1. Using the count of nearby Cβ atoms within 10 Å as a rough guide to exposure, how do 77, 59 rank from fewest to most?
2. Can you give me the Cα centroid spacing of segment 14-33 and segment 46-105 in angstrom?
3. Spin-label point model (7 Å from Cα, Cβ direction): what's the residue 39 to residue 80 distance in nm?
4. In the chain, what % of DSSP beta bridges are antiparallel (nearest 5)?
5. If you rank 92, 86 by fewest surrounding Cβ atoms within 10 Å, what's the result?
6. Along Cα→Cβ, 7 Å out, is where each label goes; now give me the distance between the ones at residue 87 and residue 1 in nm to one decimal.
7. Over the chain, what is the relative contact order in whole percent, taking alpha-carbon pairs under 8 Å and six or more residues apart?
Ligand SMILES: [Zn+2]
């Protein structure tokens, strides 16, 4: 099994775990819209003030579900099963729609 975030012990048996690279592409498993500002800290209010944003779980090709902020232009375009590319960085991972030309690559 593969887990995210990475852990050096196996959550199933407590044995040692090896790091694995994740491709970062997958599909939207489920999602919701955060309509009020989360508790701060850890949430950092953006310079322009709070705007509702979407949070979802992206099911990666490796079978891992990663919680991520969904970077979409319009919340109305979000659909379960839509192809997404996840980028990890400081804080919560971010996912944006996979351009059609990159799908399946
Ligand atoms: Zn194990």
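All of the numbers you see were taken from the coordinates with simple rules; none came from a lab. Worth saying up front: this structure is predicted, and the values here are computed from it rather than measured. Glycine gets a Cβ as well: all are built from the backbone with ideal geometry, and neighbour counts include every protein chain shown.
1. 77, 59
2. So the separation of the two Cα centres works out to 13 Å.
3. Taking the two extended label points, one gets 2.9 nm.
4. 90
5. With the sparsest Cβ surroundings first, the list reads 92, 86.
6. 3.1
7. Averaging sequence separation for qualifying contacts and normalising by length gives 26 percent for the chain.
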